Amino acid sequence: MTALEVFLIAPVVCIILYTFVLRRSPRNLPPGPTPLPVVGNLLDFSGSTPLYKDFLKYKDKYGDIVRLVLGPLQNVILVFGHKAIHKALIEQGNDFKYRPTSLFIIKKLFHGKGITFGNGDAHQKLRKFTLVALKDFGVGKKSLEERIQDEARIVAEELESYGGQPRDIRKTLQRAVANIIAGIIYGTRLDYGDPEFIRLIQNIDTIFTVVSARLPENFFPFLAYLPNSKARTVFNAFDDMSRYARKRIKEHRATFNPDNIRDFVDLYLKAEEHEDEEEVDEENMFRVIVDLFDVGTDTTSTTLAWAILYLMTNPDVQEKCQKEIKENVGSGRAVSLSDKEQLQYLDATIKETLRLACIAPLVPPHTVLEDTQFEGYTIPKESTILFHLNSVLTDPNIWETPEEFHPERFLTEEGKKKEKEFLIPFSIGPRSCLGKHLAMMELFLFLGNMLQRFTFKIPPGCPTPSVERVHTGITCQPHPYHVCVVPN
Ligand code: HEM
């Protein structure tokens, strides 16, 4: 079929499907804006406003559960606020724990395999295997804590080499965090200047800044075959990541010794030898690796970039963190996990960063396998369900002055830890973040060790950088900014 024929036929097919879907939609759907034929509500948010903000306007108008139709076919359900999100992900967690497989980009990238977009028994087993492997950081020669401290030292050398001059340090943060994952998975770190490493990080950037619920290719797959399709850049980046993972697995296979387990890949190869379950195969192993490498790098390094931005724009907070480190750790040794109880202000600063930056404002899509009753509405089976975490993390009914950076909200008057059940940046329920403990460990050790040695300052003569969130893809990024990293 020629491209012209595709163009002529596709809209007709869409209209027929649209009519079909409307007719078979269950009654009692959640409220929402009226969809147009073919495009549904897609045109409502094709502008430059961050998508999570665009979605918030529906909450004001329709309440905590809203139905949209994106493209000709796709029911999209938005869930806002702690009460409704908790009800779905905890009380009805078994109904809502699935990931959709109908969105074109997800289907093409993940084929329903791996952890992030797998489902059913296979997902459960891979998740359990990976959680145990991540917990058992005895894998490899060095403990995870030592690895992060080593990497923090290398980052410090790199930052020192900038000589206090204004720099965009985001790439350095990405490489540091990617190296922690690389160490867990492949047992080795990569050099910051290695062109292959730089390309891998670029691929992760592409995936996390382009993939979005509003990408029309999700609903009109034929668009992905046009030149300049954004989805194509994502497919290319993903293919490149996958080729690299397969190459490293092959190298591991060639040198594998079951009596000397070096890393995650070896652990998996060993499981492959012993278990006759079909989930433990190379296809799943390489998908888990790509999942961990992508998700583990972007999320934590983006959070670090936000933390540094908040520290330089709130020098009083930075000073309090440094004073606490000076008094409890000094400068003669590295900050370690055993200091955590003493470094309560730093801990509160990390929590406040996770809350305010809210890097995953819309949880990766969930779905239900059957028409599901929820809060008085019917959620149609195979809907794409987006949980709006930002509506919880900046809810003015939960947080006082929610748009302000204020770590003290996580501390009692005596400066002790104050737990807040509404702090859910890692989501909740059966699909909640699998890397939460690793991420918290990295944030504490990287930030603690950087603040021990440096002060982050706005470059002289420059305006205060913006703290507006940019949300073009999966995670919310800060606008690019320059910082002077000045030794203490
Ligand atoms: C600050 C850092 C991080 C944040 C804020 C974060 C947040 C999230 C969120 C919101 C989800 C979606 C949960 C849901 O669908 O209900 C998620 C899932 C996931 N995260 Fe993280 N994450 C972070 C770091 C990491 C790291 C370091 C890793 C890897 C080692 C990781 C691996 C995963 C995986 C594999 C999933 C999918 C879990 C599943 O579907 O079963 N994350 N994360």
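Every number here is computed from the coordinates shown, using simple stated rules; none is lab data. In this text the structure is predicted, and so the values were computed from the model without any measurement. Quick reminder, even Gly has a Cβ in these numbers, built from the backbone with ideal geometry, and neighbours come from all protein chains shown.
Laid out as a table, the results:
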| quantity | calculated |
| --- | --- |
| Approximate spin-label separation Q202-N28, in nm, with each point projected 7 Å along Cα-to-Cβ | 5.4 nm |
| Span from the the stretch 44-76 Cα centroid across to the the stretch 161-240 one, whole angstrom | 27 Å |
| Cβ crowding within 10 Å averaged over residues, with 402-413, 50-61 ranked highest first | 50-61, 402-413 |
| With Cα atoms, 0 to 90° folded angle of helix 144-160 axis to the chain main axis | 80 degrees |
| Virtual spin-label span in nm between L226 and D316, 7 Å along Cα→Cβ | 5.2 nm |
| Note, ³J(HN,Hα) from phi for the stretch 356-372, Karplus 6.51, -1.76, 1.60, rounded to Hz, x at Gly and Pro | 6, 5, 6, 5, 10, x, 10, 4, x, x, 10, 8, 10, 7, 10, 3, 10 |
| Potential lengthening between E327 and S102 on full extension [0.36 nm per residue; Cα-Cα distance subtracted] | 75.5 nm |
| Under-5 Å amide H pairs with T378, H placed in peptide plane, nonlocal only | L29 |
| Spin-label proximity, N119 to the stretch 341-380 - amide N less than 19 Å from point 7 Å beyond Cα toward beta carbon | 363-374, 378-380 |
| Contour excess over end-to-end distance, with Cα ends at E414 and L131 and 0.36 nm allotted per residue | 98.3 nm |
| Whole-Å distance, taken between Cα centres, linking the stretch 83-99 and the stretch 248-321 | 27 Å |
| Highest-first arrangement of 112-120, 192-200, where packing means the average Cβ count within 10 Å | 112-120, 192-200 |
| Pairs of Cα atoms farther than 35 Å apart, the chain, % | 35 percent |
| Per-residue HN-Hα couplings for the stretch 450-464 [Karplus 6.51, -1.76, 1.60; θ = phi - 60°; Hz; x = Gly/Pro] | 6, 5, 4, 9, 9, 10, 8, 10, 5, x, x, x, 9, x, 4 |
| Kirkwood hydrodynamic radius over Cα pairs of the stretch 336-414, then Stokes diffusion coefficient at 20 °C and 1.002 mPa s, in µm²/s | 140 µm²/s |
| Cβ-based exposure ranking for T394, T353, in which fewest neighbours within 10 Å come first | T394, T353 |
| Rounded if a/c under 1.5, otherwise prolate or oblate - the stretch 419-488, Cα gyration tensor axes | oblate |
| Cβ charges +1 (Lys, Arg) and -1 (Asp, Glu), total dipole of the chain, debye | 780 debye |
| Folded to 0 to 90 degrees: helix 51-62 orientation relative to the chain principal axis, Cα | 60 degrees |
| Computed lengthening from E251 to N397, 0.36 nm per intervening residue step minus Cα-Cα distance | 47.2 nm |
